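Novice: Pasting in a structure now, in structure tokens, and then I'll have a few things to ask.
The values are calculated or read from the model by the stated rules, or taken from the named source; none is laboratory data. In this text, all values refer to a predicted model and were calculated from it rather than measured experimentally. With ideal geometry, Cβ positions are generated from the backbone for all residues, glycine too; neighbour counts draw on all protein chains shown. Surface accessibility is based on the protein's heavy atoms, side chains included, excluding ligands, DNA and RNA. Shrake-Rupley method; radii C 1.70, N 1.55, O 1.52, S 1.80 Å.
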Amino acid sequence: MKAARLHTLGAEFVVEDVPIPVPGPGEVRIRVGAAGACHSDLHIKSGGVKGVDLPHTLGHENAGWVDAFGAGAEGQGLSLGDAVVVFGGWGCGHCHFCLGGTEQLCDRFRWGGMGPEGGYAEYLIVPSVRHLIPAGGLHPADAAPLTDAALTPYSAVKKTLSRLVPGTSAVLIGAGGLGQYGVQFLKMLTPSTVIVVDNDPHKRELALELGADVVVDPSAESATRTIWDATDARGAAAVIDFVGVDATLATAAAVVGRQGIVVVVGLGGGSVRYSFFGLAQGATLTSSSWGSRNELEEVLTFAQKGDLVSHIERFPLAAINDVFGRLHHGDIVGRAVLIP
Ligand code: NAD
Ligand code: ZN
Ligand code: ZN
């Protein structure tokens, strides 16, 4: 099969022939229908996120069709040819976090595409039937980004809901692949004013289309003031940062209001100085990693009902280096998906 593999940090992916993987006991082979090109893979590729042994097939936003069962995996609710989405947080299945339903936080980090081989290939091995959810009529190209680009902001927004009561504001920083869904979840699930901060005018335009109430260019001299004013000078009840560099974290800390919450999702590697006087009184600073399998089911339900708009650009897998070049330069509006 064709697989796009990363051999060297900082280098291009190599599209090459590798053997079609054979599912072991309990495993399922998926014919990949589409794999979303996540900015996290750009961080991995550039060496900003460590821990992936090379060479490796990345790709952790996957959907496709059941292609083969390993011993014992058959007869657990899925049939050959079924369209499925792949929950990516593959854990051990029996630690505290797995049993609590948050397998993405498992003691043994085993995400497909970041350890086990991922979906930038024609076929993918998924370690258990429990990571597969029927696509319910969604095409894999539409469904793949839901497994991370939509799931992650959904889980982040849920962490803020108790604070987002009428009269409050939420600030979303970075309206890219993830942020496009973050805007929609904030609008669907809360009565808050949604303020989107992005330095790219095309992303700000998309955010407005998706329902943002106010958009702000962070490079404008008065940006922080503009955001603050848009919160009715109360500060934001919630800030979700989908970038996570020093500059965006500084903005987040500057605009969060008393007893508000800052949720860091972006893997930009920035930091923010935390002190009693540095952050609004009683504010919470936290991070959010992916989402749970049950939350993915909830996201899929929204999509199946037609409640989510996905801005997706499709590319053949062979164009992977062009796609990551564009992602690096901010030239993808929404999410790019790779079709093998
Ligand atoms: P993306 O490239 O599609 O979107 C990033 C957006 O941020 C773009 O719209 C860009 O214009 C904007 N941006 C960049 N720098 C900015 C700045 N200084 N101020 C304001 N806006 C800025 O990326 P994505 O795929 O949506 O991923 C976003 C981040 O989330 C990445 O760091 C990615 O690694 C991370 N991520 C985290 C998780 C998690 O579980 N925590 C999951 C998936 C992705
Ligand atoms: Zn991702
Ligand atoms: Zn576990």
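Novice: Using only the alpha carbons of segment 85-210, what is the convex hull's orientation-averaged projected area in square nanometres?
Specialist: If I average the Cα hull's projected area over directions, I get 9.5 nm².
Novice: Over all distinct Cα pairs, what is the inverse of the mean 1/r for segment 33-160, reported as the Kirkwood hydrodynamic radius in Å?
Specialist: 15.2
Novice: Moving on to the next point. Within the accessible area of segment 22-64, what % is carbon and sulfur when the probe is 1.4 Å and the other protein chains stay in place?
Specialist: 50
Novice: Long-range amide H contacts for residue 236: which residues qualify at under 5 Å (H placed 1.01 Å from N, peptide plane, sequence gap of 5 or more or a different chain)?
Specialist: Long-range HN contacts for residue 236: 256, 257.
Novice: Could I ask something else about it? At each listed q (0.12, 0.14, 0.27 Å⁻¹), what is the log10 of I(q)/I(0) that the Debye formula gives for segment 233-288 modelled as equal alpha-carbon point scatterers?
Specialist: Results for segment 233-288 at q = 0.12, 0.14, 0.27 Å⁻¹ read -0.21, -0.29, -1.07.
Novice: Next question. Students often forget the sequence filter, so: which aspartates and glutamates lie under 13 Å Cα-Cα from residue 50 once same-chain residues fewer than 8 apart are removed?
Specialist: Reachable aspartates and glutamates: 41.
Novice: For segment 53-128, report the accessible area per residue in Å² (1.4 Å probe, heavy atoms, rounded to an integer).
Specialist: 40
Novice: Same structure, new question: How high is the relative contact order of segment 1-48? Use alpha-carbon pairs under 8 Å, at least six apart in sequence, and give a whole percent.
Specialist: Relative contact order for segment 1-48 comes out at 36 percent.
Novice: Please report, in whole Å³, the volume per residue of the convex hull around the C-alpha atoms of segment 84-135.
Specialist: It is 73 Å³ per residue.
Novice: Leaving out ligands, DNA and RNA, what percent of the accessible area of segment 92-163 is carbon and sulfur, probe 1.4 Å?
Specialist: Roughly 56 percent of what the probe reaches on segment 92-163 is carbon or sulfur.
Novice: Please compute P(r) over all alpha-carbon pairs of segment 1-64, binned at 10 Å starting from zero, and give each bin as a whole-number percent.
Specialist: Reading upward from the zero bin: 19, 48, 29, 3.
Novice: For segment 301-330, run through the trypsin sites (Lys or Arg not before Pro) and keep only the ones in DSSP coil with at most 10 other Cβ atoms within 10 Å of their Cβ.
Specialist: When the trypsin sites (Lys or Arg not before Pro) of segment 301-330 are filtered for loop state and at most 10 Cβ neighbours within 10 Å, 305 remain.
Novice: A further question on this structure: List the trypsin sites (Lys or Arg not before Pro) within segment 1-92 that fall in a DSSP loop (any state other than H, G, I, E or B) and whose Cβ has at most 14 other Cβ atoms within 10 Å.
Specialist: Sites meeting the loop and neighbour criteria: 50.
Novice: To two decimal places, what compactness ratio does the chain give when its Cα radius of gyration is scaled by 2.2 N^0.38 Å?
Specialist: Rg over 2.2 N^0.38 Å, computed on Cα atoms: 0.98.
Novice: Residue separation times 0.36 nm, minus the C-alpha to C-alpha distance between residue 139 and residue 79: what's the value?
Specialist: 19.9 nm
Novice: Share of segment 235-340's accessible area from carbon and sulfur, percent, 1.4 Å?
Specialist: 51
Novice: Considering only protein heavy atoms, what per residue accessible area in square angstrom results for segment 136-255 with a 1.4 angstrom probe?
Specialist: Here the per-residue accessible area is 35 Å².
Novice: Same structure again: At what distance in angstrom do the alpha carbon centres of segment 273-306 and segment 47-121 lie from each other?
Specialist: Value for the Cα centre distance between the two parts: 22 Å.
Novice: Return the ratio Rg/(2.2 N^0.38 Å) for segment 215-340, where Rg is computed over Cα atoms only.
Specialist: That ratio works out to 1.29.
Novice: For segment 1-52, what does the accessible surface come to per residue with a 1.4 Å probe? Please give it in Å².
Specialist: That works out to 46 Å² for each residue.
Novice: Also, I was wondering about something else. Please list the non-local residues whose amide H lies under 5 Å from the amide H of residue 33, H modeled 1.01 Å from N, same-chain partners needing a gap of 5 or more.
Specialist: 63, 64, 65
Novice: Report, in order of residue number, the helices in the chain meeting two criteria: a C-alpha extent of 27 Å or more along the helix axis, and a mean Kyte-Doolittle hydropathy of at least 1.0; treat each whole DSSP H run as one helix.
Specialist: Qualifying helices: none.
Novice: If each DSSP helix of 4+ residues adds -39,500 (n - 2.57) and the sum is divided by the residues in the chain, what number results at 222 nm, nearest 500 deg cm²/dmol?
Specialist: -6500 deg cm²/dmol
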